[in-house]
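Have a look at the structure below, then the notes.
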Amino acid sequence: GLHHPSPDRFWPRFPDALRPFVPWDQLENEDSSVHISPRQKRDANSSIYKGKKCRMESCFDFTLCKKNGFKVYVYPQQKGEKIAESYQNILAAIEGSRFYTSDPSQACLFVLSLDTLDRDQLSPQYVHNLRSKVQSLHLWNNGRNHLIFNLYSGTWPDYTEDVGFDIGQAMLAKASISTENFRPNFDVSIPLFSKDHPRTGGERGFLKFNTIPPLRKYMLVFKGKRYLTGIGSDTRNALYHVHNGEDVVLLTTCKHGKDWQKHKDSRCDRDNTEYEKYDYREMLHNATFCLVPRGRRLGSFRFLEALQAACVPVMLSNGWELPFSEVINWNQAAVIGDERLLLQIPSTIRSIHQDKILALRQQTQFLWEAYFSSVEKIVLTTLEIIQDRIFKHISRNSLIWNKHPGGLFVLPQYSSYLGDFPYYYANLGLKPPSKFTAVIHAVTPLVSQSQPVLKLLVAAAKSQYCAQIIVLWNCDKPLPAKHRWPATAVPVIVIEGESKVMSSRFLPYDNIVTDAVLSLDEDTVLSTTEVDFAFTVWQTFPERIVGYPARSHFWDNSKERWGYTSKWTNDYSMVLTGAAIYHKYYHYLYTHYLPASLKNMVDQLANCEDILMNFLVSAVTKLPPIKVTQKKQYKETMMGQTSRASRWADPDHFAQRQSCMNTFASWFGYMPLIHSQMRLDPVLFKDQVSILRKKYRDIERL
């Protein structure tokens, strides 16, 4: 008769099928477990989880994240445990982030305070007895919902990826992780970074100008150690076949380790002489492509160095799961080679068209600045990737991760539609918004009908682009009666500020129905024409702040700190939100991205909120704001009869703004403001032609 294969042969085995619904130690599967002792049963089940098979669905408890959202707990540091600087930087980045909680019962993700970065037993940083230290933690729970950071694992001679203790069901954020051991959508591949990698801020990329054609002095460079034997030695040992000493310069040295003399081969001395002739930094900055071969482990420092230098990485590290591979499309920024085809690398990269080289190079700069330039960025990217897995329905798509301004600044909780952000109009083929909402910040009571705030309201309401006006009442007096406000063609909504603090002017109010916001101080003097013109300029630059009152920052050498100036010079780096247009998304970012410490400072001083908004927008866009047509009048009226006169004339007000700037800069880790000398005027502005030929006729009279 016909031989029927057993049904298992048709179906792959799904060891994790339906597992999350029933914890394995409560399985009541009578038939199969009759003859198995509880211990055997437990071992059989846990071996499924050990290592390879863990996925979010089977080894992560989502219920912990449903209550309080994505909160991360860091274990308190124990006395006598030494923690290397890199790991302290990682923990500090988590503790300084908006995800941090000091209460383990609120947490959805746990991070050890035991240093797990360097698990090479020969290393001085190696932490002994980690296994028992981890097991004794009462929250460990077999590693469930834990994230373990690791840069080095294994040791000479075979450098395995074992971290030397049982990680249970924990996720790994690991450098040099191989695709074979990487558990997709569970582990996170991180780059190898040195102990000098800055904690916050970080250097900008080195691409200052988009040189066309994009070819530099060298086509392909590498400078590094060569290993004579053992794992990872083959590729670096073969590099001399490709080196031509002209535009392909691949230098290796065997001069490392204690007894290199004993083991050296016939090429060592010649290699070393050549090696010493070249300066690594000079090569890096003058090369089009940089070779990134594996070392003893799969990852190397060369990777980040090349990215920063705008040198396109050529990967020769077979089986390396590239950093943040879950979200970054590396084909847009690197050339992924194969160690077995080393000899074909030069001809392959020579065939890459110059347009493509320029695009690759620009992408290296974007990725470096978005995700890699500081320990904080590497850590936040890791956390955001995990958060996106947990809340799949509100997660970022590939376009967000791989396009300016990048995933850390685009919070998917704001909207799942890309058209609601100011960065993607061109990608989506959309026109920028055609209407704005004016938000007037009122701090003084209404006493007379000739108050500047009423003139301002009327002028804004007459703009053809105005959809509505919101008066944010941050005054201690009760709201004025409806009839006190002038009649306008657009709706006027008066709302009370939340606890009357300064930051409340940047809350993402639901009443703001347009994407564009015209932010106004109550004593600002603006005509309808000026509002119209500023708005048409903003439509061309929707991701920036566009407006009238400009200020500048400078480095004060004598005091070694940043200075703030309102002097009228030829450049500026801030446009104050007393008369500026920007995208509503910045209200959301201001409220949800910035730390409470900075917002509290603003509220206590009742000052600097406009400076903080400028810091934020420039940090996101890496661009200066845009100033529109100068008018002399703005300055004088600000000093005039109004409520704020006292405040502007007050010397403390200025000193406060100075110290705000320095506090903000230290939180960002660098100075995000950028100087600009661009001012946009209407066509024919102040030209000697008939006024009838000009579109914005009133602007010149002001």
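Report note on the peptides 286-294, 523-531, 137-145: ranked by the mean count of other C-beta atoms within 10 Å, highest first, their order is 286-294, 523-531, 137-145. Remark: relative contact order (the range 218-373) = 23 percent; criterion is Cα-Cα distance under 8 angstrom and separation of 6 or more residues. When the alpha carbon coordinates of the range 445-521 are projected onto the principal axes, the ranges are 33, 32, 19 Å, largest first. From Cα pairs below 8 angstrom and at least 6 apart in sequence, can you work out the relative contact order of the chain, rounded to a whole percent? Result for the chain is 9 percent. In plain terms, the chain from residue 417 to residue 247 could stretch by 56.5 nm, reckoned as 0.36 nm per residue minus the Cα-Cα distance.
What do you get for chymotrypsin sites (Phe, Trp or Tyr not before Pro) in the range 297-345 restricted to DSSP loop and a cutoff of at most 16 other Cβ within 10 Å of the site's Cβ?
Taking the range 297-345 and a limit of 16 other Cβ atoms within 10 Å, the loop chymotrypsin sites (Phe, Trp or Tyr not before Pro) found are 301.
Each listed q (0.09 Å⁻¹) maps to a log10 I(q)/I(0) for the chain from the Debye sum over equal C-alpha point scatterers, namely -0.92. Stretched out straight at 0.36 nm per residue, the stretch from residue 206 to residue 428 would grow longer than its current Cα-Cα span by 76.9 nm. Computed extension gain for residue 277 through residue 536, at 0.36 nm per residue and net of the alpha carbon distance, reaches 87.6 nm.
For the chain, DSSP calls about 25 percent of its internal beta bridges antiparallel.
Note on residue 596 and residue 264: the model spin-label points, each 7 Å out from Cα along the C-beta direction, lie 6.2 nm apart. Of the peptides 488-494, 468-474, the order by per-residue mean of other Cβ atoms within 10 Å, starting with the highest, comes out as 468-474, 488-494. For residue 173, the amide hydrogen comes within under 5 Å of the amide hydrogens of 148, 149, 150, 188, counting only partners 5 or more places away or on other chains and with H modelled in the peptide plane.
When the GluC sites (Glu not before Pro) in the range 52-86 are filtered for DSSP coil states and for at most 15 other beta-carbon atoms within 10 Å of their beta-carbon, the remaining sites are 81.
Of the chymotrypsin sites (Phe, Trp or Tyr not before Pro) found in the range 557-608, those in coil by DSSP whose Cβ has at most 14 other Cβ atoms within 10 Å are 568. Scalar couplings 3J(HN,Hα) for the range 323-328, obtained by applying the Karplus form with A = 6.51, B = -1.76, C = 1.60 to θ = phi - 60°, are x, 6, 4, 5, 10, 8 Hz; x denotes Gly and Pro.
For the range 450-455, backbone phi angles converted through the Karplus equation (6.51, -1.76, 1.60; θ = phi - 60°) give residue-by-residue couplings of 9, 5, x, 4, 6, 4 Hz, Gly and Pro being listed as x.
State the volume of the convex hull built on the alpha-carbon positions of the range 50-189, expressed per residue in Å³ and rounded to an integer.
On the way: hull volume 15.7 nm³, N = 140.
Per residue, the Cα convex hull of the range 50-189 comes to 112 Å³.
Where Lys and Arg each count +1 and Asp and Glu each count -1, what net charge lies around residue 97 among other residues with Cβ under 13 Å from its Cβ? Taking every other residue near residue 97 into account, the sum is +1.
Taking amide H as placed 1.01 Å from N in the peptide plane, residue 496 has its amide H under 5 Å from the amide H of 473, each at least 5 places away in sequence or on another chain. Divided by 2.2 N^0.38 Å, where N counts the residues, the Cα radius of gyration of the range 292-350 comes to 1.08.
Near the amide H of residue 310, within less than 5 Å, lie the amide hydrogens of 206, all on another chain or at least 5 residues away, with H placed in the peptide plane.
Dipole orientation for the chain: of the candidates 192, 145, 689, 689 has the Cα lying most toward the positive pole (charges on Cβ; Lys, Arg +1; Asp, Glu -1). The mean sequence separation of alpha-carbon pairs under 8 Å and at least six residues apart, normalised by the residue count of the range 438-520, gives a relative contact order of 39 percent.
Placing +1 on the Cβ of every Lys and Arg and -1 on the Cβ of every Asp and Glu, with no other charges, gives the range 50-189 a dipole of roughly 520 debye about its Cα centre. Count Lys and Arg as plus one, Asp and Glu as minus one, and take only other residues whose Cβ is under 12 Å from that of residue 404; the net charge is then 0.
What the Kirkwood sum gives for the range 436-680 is a hydrodynamic radius of 18.2 Å, with every pair of different alpha carbons counted.
Dividing the C-alpha radius of gyration of the range 218-373 by 2.2 N^0.38 Å, with N its residue count, gives 1.03.
Across the range 212-221, rounded Karplus estimates of 3J(HN,Hα) from the backbone phi angles (6.51 cos²θ - 1.76 cosθ + 1.60, θ = phi - 60°) give 10, x, x, 8, 9, 4, 9, 7, 8, 9 Hz, Gly and Pro being marked x.
Coordinate-derived values only; no laboratory data. Treat the numbers as computed from the prediction; the structure is a model and nothing was measured. So basically every Cβ, Gly included, is an ideal-geometry build from the backbone, and we count neighbours across all protein chains shown.
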